[in-house]
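Take a look at the structure set out below.
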């Protein structure tokens, strides 16, 4: 039934239809049968349209952690990608080892090991950072750093693919002008590679918004953990987690709109004009065709 619905109306319409059906179930709160569940719709609607301070703080913490962790991941990804492509062997070894470890182990294991494991073994204790009015608790700092380091391993391959997509002649031209390697990457290669990097980078941030839910194992009160505690107190799991899912859908949908605007901006000047037959391949084919046709017409 789901497959036929998607095939007939498309993925977006099927998703919208599913959301509407869920909202209708919550709104009616109806039940059929003796053992049916009585939906308490007020928990659902209050979480969506009248969220308390804990839900609002959880939303803000989710978005804030996602943004900072993604920035850390992008920076580490650039350095790891350059390390993998470096001619100096130790740089390549360190970069490959970093990517191998953090892409080959589950994020949940990394969170438990680097937060609880290091502190239990008295190897490292995460500090509390106070910068003016901002107070970053040790578990929040650890969550941001661990998420960012994990993300950097995936961003490294994305950045490396973007760099390899740039014509090597650009680098050779920069060398002929006397530019350093760092200047070439910063001014020539990376700006052009951004067109290739931006789409998967947007998808990674979309995933980061949802991955923050794993931080509940560190007792961080982001959106998922806040809703989970409220559901445990009221036993309204269906209503509260349904509202939680819609909050995540709202965040990822809004980011999808922003991502499409960013991609459109970076793709300016890259499309071909098909109406005029633009493109060297089309022009070359047309020239060869006319050269073959001319003797026949004569």
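Only the coordinates and a few stated rules stand behind these numbers; no lab work does. Everything quoted here is computed from the prediction, not taken from an experiment. Cβ coordinates were reconstructed from backbone atoms using ideal geometry, including for glycine residues, and neighbour counts include every protein chain displayed.
Tabulated data
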item	result
Normalised contact order of the range 60-141, rounded percent, pairs of Cα under 8 Å and 6 or more residues apart	13
For peptides 158-167, 84-93, 98-107, 61-70, sequence by mean Cβ density within 10 Å, most packed first	61-70, 158-167, 98-107, 84-93
Anisotropy class of the range 65-120 from Cα gyration tensor, a/c 1.5 cut	oblate
Largest-first ellipsoid semi-axes for the range 153-277, taking √(5λ) over the Cα gyration tensor eigenvalues, angstrom	43, 20, 9
Fewest-first ranking of 181, 224, 37, using other Cβ atoms within 10 Å as the exposure measure	37, 181, 224
Set of the range 78-104 residues, backbone N closer than 11 Å to the point 7 Å along the Cα-Cβ line of residue 181	82-92
The range 169-240 shape via C-alpha gyration tensor axes, a/c threshold 1.5	prolate
Fewest-first sequence of 247, 45 by Cβ atoms within 10 Å of each Cβ	45, 247
Burial order of peptide ranges 254-261, 146-153 (average beta-carbon count within 10 Å, highest first)	146-153, 254-261
